[in-house]
Amino acid sequence: MLRPSLHHSAQKVEDLTVVSSWSITLVGLIAATCTTGAFVPQVIRVWRLKRAEEISLATFLVLSIGSLVWLTYGLFISSWPVILANGVTFVLVVTILALKAMWDRRSSPIAS
């Protein structure tokens, strides 16, 4: 009976770990693309309508803080999916907040 060598078994486990690590990163990147990309239509809508009264200031402020904290966490653990997703999300959320501030001020009766 032939027995696989210990080195051969260890190599299989190592190969599986590399594939699993790559697969895990891919899953993270797909999730990041979906969740971050979900903000793009909102930015486009606010830009086209030139108004953002329906945007909740509190929600987007908390979301911007949360994405900044997640970005920091991603930097600490060196996770590219977490870093990319939350870096881009932060930029999109701050863009929505800036557009809201600009257009809410313009439509305010005090600004007239």
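What follows draws every value from the coordinates through simple rules; no lab data is involved. Since we're looking at a predicted model, the values are computed, not measured. Neighbour counts run over all protein chains shown; Cβ positions are idealised from the backbone, glycine included.
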Check your understanding: Under the Karplus relation 6.51 cos²θ - 1.76 cosθ + 1.60, θ = phi - 60°, what is the ordered set of whole-Hz ³J(HN,Hα) values for segment 88-94, x standing for Gly and Pro?
Key -> 5, 4, 4, 4, 5, 5, 5
Check your understanding: Counting other Cβ atoms within 10 Å, which trypsin sites (Lys or Arg not before Pro) in segment 18-95 have at most 13 and lie in a DSSP loop?
Key -> 50
Check your understanding: Each residue of segment 57-65 in order: what ³J(HN,Hα) in whole Hz does its phi give by Karplus 6.51 cos²θ - 1.76 cosθ + 1.60, θ = phi - 60°, with x for Gly and Pro?
Key -> 4, 4, 4, 6, 5, 5, 4, 5, 5
**Study point:** Given charges at beta-carbon only (K, R positive; D, E negative), |dipole| of segment 9-107 in Debye
**Key:** 560
Practice item. Working from the alpha-carbon coordinates of segment 9-107, get Rg over Rh, Rh being the Kirkwood radius. Key: 1.19
Exercise for review: Treat the count of other C-beta atoms within 10 Å as a stand-in for reagent exposure and order 24, 77, 83 from fewest to most.
Suggested key: 77, 24, 83
Practice item. Evaluate the distance, in nm, between pseudo-label points positioned 7 Å from the Cα of residue 102 and of residue 26 along their respective Cα→Cβ axes. Key: 4.0
Review point. What are the ³J(HN,Hα) values, in whole Hz, obtained from phi via the Karplus relation 6.51 cos²θ - 1.76 cosθ + 1.60 with θ = phi - 60°, for each residue of segment 32-48 in sequence order, with x given for Gly and Pro?
Key: 4, 4, 5, 6, 6, x, 4, 7, 4, x, 5, 4, 4, 4, 4, 5, 5
